[in-house]
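Following: one structure in structure tokens, then a few remarks.
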Amino acid sequence: MEHHDLLRSCLLDQCYYTSRNISRRCTEWRYDNTTFGHTITSEFDLVCSRAYLRSIYQSIYMFGSLIAAPIGGILADKYGRKFLFTIGATTYFVLSLIACWLPTMPTILAFRFLMGLMHTPTMNAAFILGMEVCAPSARALVGMFFALPWAFGTVIWGALAYFIRDWRWLQFAISVPTVILFPALWYIDESPRWLVVRGQHARAIKILQKAARWNGTSLPPEENMKELMRQTQSTVTSATEEGDPTEKTHLQMIWKKMKNCTKQLFILLRTPRLRRITLVVWMTFMFSSTVFFGLTLNALNFSVDPYIYMIFNGLVEIPAYILPAPIAARFGRKFPIIIGFSVTSVCLLALPFIDKDESTLVVTVAMCGRLLLSSAFQLFFLYSAELFPTEVRLQGFGSGIFLSRLGGIFAPFITELLGPLYSWSPSVVFGVFSLITGSILLLLPETLNKPMPETIAELEKDSPNAASNKKNNLEMENTSPGDTDK
């Protein structure tokens, strides 16, 4: 058989060709470049027996995030939000540039994993830092608007992909703009809340004084603030003890640190209220993340233009992140989130009953589900951050992101492997997950206009100083860095 005839047969049968009445496996493929140009699939032949690598390419990034989420939470609660954000953003930028020109699939997968390791701790630290310097009245607005760059990035990603059909140059084009972030790092301060909990009261007061100058407001006397900070710190139940100077060997120090880390991993399940919050947050992050990433990857199963679908995904997310902010500020967090997930479930479960030829209707229903899902998911980021006390906030939030990345790992296999067999099945799976998510949130309390708890003890039960602490906290938050225009 001539070489070009062999390629033609492979194209028709995808994985096998017939020669002299014998079925043989294809070793070369010719790709249709009408929609896509030079892709990672065509460069490394990720088809037939290697098709699973496409799902792994998507999932391994999430696997890196999965591993890093709880570790990043522990590191940020120990060393600070700004520290982790700075290290993570710098490392991610370098890795993303190198990944553009890697020559083999194993090295590409390795760098995808490393980028996933950096992604989640960096984003979590930035988000929690923003929440902890916010006044309560601005928390909903800042928490929702935090996701707007993601929406604009999705639109830009779809547009760039339409014009740049080479996957390596596309990766480079979306990595380079990260450099604009680095000048901002100079002006970011550490979270005063974290500094108080860690006993660094002088630094916390200095940051609060700078914020007060910027806003033209006044603070309580310094001694009063120090007393309040000491009271807050005294209720911390999980503060890591300083290393014992009597320890004589490095082995003993390492063993002690390992025991402390083990305690930290289980602290979120130690007390009843914190345990309930933790379990519900974990389940919500896992299910909602599976739906969120699954809808992003499900364009081909909807039989629509993937570039238009991606751009619409981003455009829909812009109002999805803007509109809920005033709703959350007025009506609370809990029930708007429940309504968002519930209506998303209705939209997704309706998709299998719509004729696939009605592409406009399919996209409209899918985008309605996406809009409500994005609103509920982002509002839940704010909500979950408010539920955990400062003492373990980033650890609790980070462990939730850990579970969300587990959902992100599952999503590509649902769309890539299950979708081609039954095109309706991803929508049904995602719809059921949304329904479960909306139901379990009924177990959580509302956080509207409530000060964020500082310690586990304060969350679980009013201590002798808790009432006065809460009153003083409200006074402090009225002059907190959240009032600044930074």
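The values are calculated or read from the model by the stated rules, or taken from the named source; none is laboratory data. A quick note: this is a predicted structure, and the numbers were derived from the prediction, not measured. We place every Cβ from the backbone using ideal geometry, glycine too, and count neighbours over all the protein chains shown.
For this structure, a couple of remarks:
Residue-wise test of (1) at pLDDT 80 or above; (2) within 22 Å of S439 (Cβ to Cβ); (3) crowded, with 23+ Cβ neighbours inside 10 Å; (4) not assigned by TED's automatic domain parsing to the domain that holds Y79.
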{"site": "I327", "(1), (2), (3), (4)": "yes, yes, no, no"}
{"site": "S375", "(1), (2), (3), (4)": "yes, yes, yes, no"}
{"site": "F388", "(1), (2), (3), (4)": "yes, yes, yes, no"}
{"site": "G398", "(1), (2), (3), (4)": "no, no, yes, no"}
{"site": "F410", "(1), (2), (3), (4)": "yes, yes, no, no"}
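- Any hit, region 336-357, residues being in a helix (DSSP H, G or I), modelled with pLDDT under 80 and surrounded by 24 or more Cβ atoms within 10 Å (Cβ to Cβ): no
- For region 411-435, the tally of residues that are over 13 Å from R54 (Cα atoms), assigned to a helix (DSSP H, G or I) and not polar (S, T, N, Q) stands at 9.
- For region 402-418, the condition holds for at least one residue, the condition being that it is closer than 28 Å to P306 by Cα and either of a type in the set (K, R) or without any contact (Cβ under 8 Å) to a residue 40 or more places away in the chain (or both).
- Contact map, region 450-470: first residue outside the structural domain of I128 (by TED's automatic domain parsing), second residue outside any helix (DSSP H, G or I) and at pLDDT below 50, Cβ cut-off under 7 Å, separation 6 or more or different chains; pairs are T455/T237; I456/T237; I456/S238; A457/T237; A457/S463.
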